[in-house]
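The values are calculated or read from the model by the stated rules, or taken from the named source; none is laboratory data. Note that this is a predicted model, so its numbers are computed, not measured. A quick note on method: Cβ atoms are made from the backbone with ideal geometry, for glycine too, and the neighbour counts reach across all protein chains shown.
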Amino acid sequence: AQSVTQLDSQVPVFEEAPVELRCNYSSSVSVYLFWYVQYPNQGLQLLLKYLSGSTLVKGINGFEAEFNKSQTSFHLRKPSVHISDTAEYFCAVSERGSGNTPLVFGKGTRLSVIA
Amino acid sequence: DGGITQSPKYLFRKEGQNVTLSCEQNLNHDAMYWYRQDPGQGLRLIYYSQIVNDFQKGDIAEGYSVSREKKESFPLTVTSAQKNPTAFYLCASSILEGIGYTFGSGTRLTVV
């Protein structure tokens, strides 16, 4: 069974500063990894995903994430945040080769961008 | 435009009443999922269905029921057996392994 740990429940950061949201996962098999963003009272929107190949994945809104197999991590980064990035961010994992089995989500990190 | 529609957006019910949340998709996705979201708890899986007329329990299925009679529809019933039903409910769908989900905009259920 897989699990996901998002190491910070809340991250405050000043506008135009860089940010890193941390995600570690546990799985006995190869995985796919995802980051989603949720704005208040809305559903989740896919930011980026790692399937295979290059370990640095670029997503929407200037976000990127790096897959590190040895550290079982998939941290999300943005070099300069905007007020509009204030939202909750979820890391998720699914097993490779398991068909459409459900994603397992972390508990989320609330990013607050301060003007 | 293709997508997932959850209705209603807000729902209020008295304690002890069953309530059904609607989830419809026109994406031709095979798999559909229901998650419950509570503050600080992330998303917890209630039920999922990979094909029509088949579904599986997730981690917190007690007090919930589902049906999958059509590919497009996956309604969730919150029964009176669910001890703490007030939450934000999210429906999602997917077509292939590794593609990720498309989410609906959610239903906020408040039981008073």
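Of all residues in the stretch B:1-24 being surrounded by 15 or more Cβ atoms within 10 Å (Cβ to Cβ), away from chain A (no Cβ under 13 Å) and within 16 Å of the chain's Cα centre (by Cα), which is farthest from A:Q45 (Cα to Cα)? My answer is B:V19.
B:T77 passes every criterion in (1) within 14 Å of chain A (Cβ to nearest Cβ); (2) touching a Leu at 6+ places or on another chain (Cβ under 9 Å); (3) over 25 Å from A:Y32 (Cβ atoms) apart from (1). Within the stretch A:33-43, if we keep just the residues that are surrounded by fewer than 20 Cβ atoms within 10 Å (Cβ to Cβ) and at the interface with chain B (Cβ under 8 Å from one of its Cβ atoms), the residue that is modelled with the highest pLDDT turns out to be A:Q42. Annotation: of all residues in the stretch B:64-91 being without any contact (Cβ under 8 Å) to a residue 24 or more places away in the chain and under 13 Å from the mean Cα position of the chain (by Cα), the one that is surrounded by the fewest Cβ atoms within 10 Å (Cβ to Cβ) is B:S67. On the given criteria, is A:S84 part of a strand (DSSP E or B) and polar (S, T, N, Q)? In short, no. Residues in the stretch A:52-97 that are surrounded by fewer than 13 Cβ atoms within 10 Å (Cβ to Cβ) and within 14 Å of chain B (Cβ to nearest Cβ): A:S52, A:G53, A:I60, A:G97.
Every condition in (1) at pLDDT 95 or above; (2) within 14 Å of another protein chain (Cβ to nearest Cβ) is met by B:Q41 except one, and the failing one is (1).
Among the residues of the stretch A:1-32, what is the count of those that are of a type outside the set (S, T, N, Q), away from chain B (no Cβ under 11 Å) and either closer than 30 Å to B:S7 by Cβ or in contact with a Cys (Cβ under 9 Å, 6 or more places away or on another chain) (or both)? Of the residues in the stretch A:1-32, 5 are of a type outside the set (S, T, N, Q), away from chain B (no Cβ under 11 Å) and either closer than 30 Å to B:S7 by Cβ or in contact with a Cys (Cβ under 9 Å, 6 or more places away or on another chain) (or both). Can B:D54 be described as out of contact with any strand residue (DSSP E or B) (no Cβ under 8 Å at 6 or more places or on another chain) and within 13 Å of another protein chain (Cβ to nearest Cβ)? So B:D54 passes the test.
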